[in-house]
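**Student:** First, the structure itself, so that you have it in front of you.
Since every read-out is calculated from the coordinates, none of them should be taken as a lab result. Computed from a predicted structure; not experimentally measured. Cβ placement follows ideal geometry from the backbone for every residue including glycine, while neighbour counts extend to all protein chains displayed.
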Amino acid sequence: MKIGIPAESRQGETRVAATPETVKKLVAAKHQVVVQSGAGVSASVTDDAYVAAGATIGGAADAFGAEMVLKVRAPSAEERTLMKSGAVVVGMLNPFDAENTAAMAAHGLTAFALEAAPRISRAQSLDVLSSQANIAGYKAVMLAANTYQRFMPMLMTAAGTVKAARVLIMGVGVAGLQAIATAKRLGAVIEASDVRPPVKEQVESLGAKFIDVPFETDEEREIAKGSGGYARPMPEAWMKRQAALVHERAKQADIIITTALIPGRKAPTLISEETVKAMKPGSVIVDMAVEQGGNCPLSELGKTVTKYGVHIIGEANLPALVAADASALYSRNLLDFMKLIVDKDGALAINREDEIVAATMLCSGGEVLRK
């Protein structure tokens, strides 16, 4: 099968869907791989490295004209015109973007959105959300440390003692846990909050203190368990109690990192404008949910702004700031997914009965499959 690896055209997207490591494995499986010239440059991969792995280098039309196209982000309208009807496209295609899905279906594409893979053990090796969130959690702390105008660890010097930074992590999924681990390595004192009680043990195992918001009803306790590994919207009464507790903790924090997302919905507000006003001058907020509306209403997409003396970082694509490793992990996710839709002879073999395939398949044969 001919597999195309195009350069990503979305502004700020530095990742690439294949590395020399995965290209070598695809070629060994008897696939023909064509990489758009320059596709890997921003991820520190040269065209020569792809050629050495067995790929051929071509233009955009060559990469998009393949039977299967591996991408990081969904193809744009211009990119779709370069693709053949009946081609397969695999990537992070945003399953909640109905307009884009309809456009891919109208073009005759068979599209797989890996973000929609179910949270089951068999899908762990192709879990793009986890692999990229892990990187984002790390980078969020590094950005915060770079912006924060004090040390992260406690230091005892001849000139006196410097207190350790106090870090508050809001939302303890994969990104939040990595943020805790990274901040801990840098010597910070860390607190963390999440609506799901089971994460308390994970938080404490990483050396952070878990902020408990008591449940007052069985309904709150049940909702807090989440669904499919994701958080669910909590009742308004619980959110008010959490907001009050967060407000008090935020006044003491030097750095706040928010990671809270609900799939397909606007990100919940965790840090209000009133809370920002109450924070210490020079404090830092990294709003990792800024692309979905933000956990702080003062965040601005793609910008770092200062409001009430607080630096608020609204970087939308943190994994793209660690492009080499982000691409390496992502390309392995893609490679593992391909095992589900390609047979041992290298031919396309889509089994719609497979729960992972069924969950990720957005459209095929002109039909939108995910409503």
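**Student:** Gap in Å between the Cα centre of the stretch 303-371 and the Cα centre of the stretch 66-118?
**Tutor:** About 11 Å separates the Cα centre of the stretch 66-118 from the one of the stretch 303-371.
**Student:** First select every other residue whose beta carbon is under 13 angstrom from the beta carbon of Val72; then total the charges, Lys and Arg +1, Asp and Glu -1.
**Tutor:** Summing Lys and Arg as +1 and Asp and Glu as -1 gives 0.
**Student:** Using only the Cα atoms of the stretch 53-104, what semi-axes does the equivalent ellipsoid have when each is the square root of 5 times a gyration tensor eigenvalue? Give whole Å, largest first.
**Tutor:** Equivalent ellipsoid of the stretch 53-104: 21, 12, 9 Å, largest first.
**Student:** Once amide H atoms are built 1.01 Å from N in the peptide plane, which residues 5 or more positions from Lys209, or in another chain, come under 5 Å H to H?
**Tutor:** Those lying under 5 Å, H to H, from Lys209 are Ile190, Glu191, Ala192.
**Student:** Divide by every residue of the chain the summed helix terms, -39500 (n - 2.57) for each DSSP H run of at least 4, and state the resulting mean residue ellipticity at 222 nm, rounded to the nearest 500 deg cm²/dmol.
**Tutor:** Numbers: 13 runs with 124 residues, N = 371.
Mean residue ellipticity at 222 nm (helix-derived): -9500 deg cm²/dmol.
**Student:** Okay, moving on. Quick one: if you take sqrt(5λ) for each eigenvalue of the C-alpha gyration tensor of the stretch 133-316, what semi-axes come out, biggest first, whole angstrom? Kindly include the intermediate steps, with their values, before the conclusion.
**Tutor:** Values: eigenvalues 131, 66, 48 Å².
Over the Cα atoms of the stretch 133-316, the ellipsoid semi-axes are 26, 18, 15 Å.
**Student:** Quick one: which residues, 5 or more positions from Gly58 or on another chain, have an amide H under 5 Å from its amide H? H modelled 1.01 Å from N in the peptide plane, none for Pro or chain starts.
**Tutor:** Amide H to amide H, under 5 Å and 5 or more residues apart or across chains, Gly58 pairs with Val35, Gln36, Ser37.
**Student:** Now for a different question. Given the options Gln202, Gln11, Gln252, state which has the largest fluctuation in a GNM of the chain using a 10 Å cut-off (strictly under) for Cα springs.
**Tutor:** Maximum among the listed residues: Gln11.
**Student:** Sort His247, His107 so that the residue with the fewest other Cβ atoms within 10 Å of its own Cβ comes first and the one with the most comes last.
**Tutor:** In increasing order of surrounding Cβ atoms, one gets His247, His107.
**Student:** Compute, for the chain, the length of the dipole vector about the Cα centre, with Cβ point charges of +1 (Lys, Arg) and -1 (Asp, Glu) only. Units Debye, rounded to 20.
**Tutor:** Dipole of the chain, to the nearest 20 debye: 680 debye.
**Student:** Here is a further query. With θ taken as phi - 60° and the coefficients 6.51, -1.76 and 1.60, list the Karplus ³J(HN,Hα) couplings across the stretch 249-266 in order, rounded to whole Hz; mark glycine and proline as x.
**Tutor:** 5, 5, 5, 8, 7, 9, 9, 10, 10, 10, 10, 6, 9, 10, x, x, 10, 4
**Student:** Given N residues in the stretch 1-130, what is its alpha carbon radius of gyration divided by 2.2 N^0.38 Å?
**Tutor:** So the Cα radius of gyration is 1.02 times the expected 2.2 N^0.38 Å.
**Student:** Percent relative contact order of the stretch 133-316, based on C-alpha pairs within less than 8 angstrom and at least six residues apart?
**Tutor:** Details: 375 pairs, mean separation 34.2, N = 184.
Over the stretch 133-316, the number comes to 19 percent.
**Student:** OK, next. Dividing the alpha-carbon Rg of the chain by 2.2 N^0.38 Å yields what?
**Tutor:** Dividing the Cα Rg of the chain by 2.2 N^0.38 Å gives 1.06.
**Student:** While we're looking at this one, here's another question. Provide the net charge surrounding Leu26, with neighbours chosen by a C-beta distance below 13 Å and charges set as Lys +1, Arg +1, Asp -1, Glu -1.
**Tutor:** That works out to +3.
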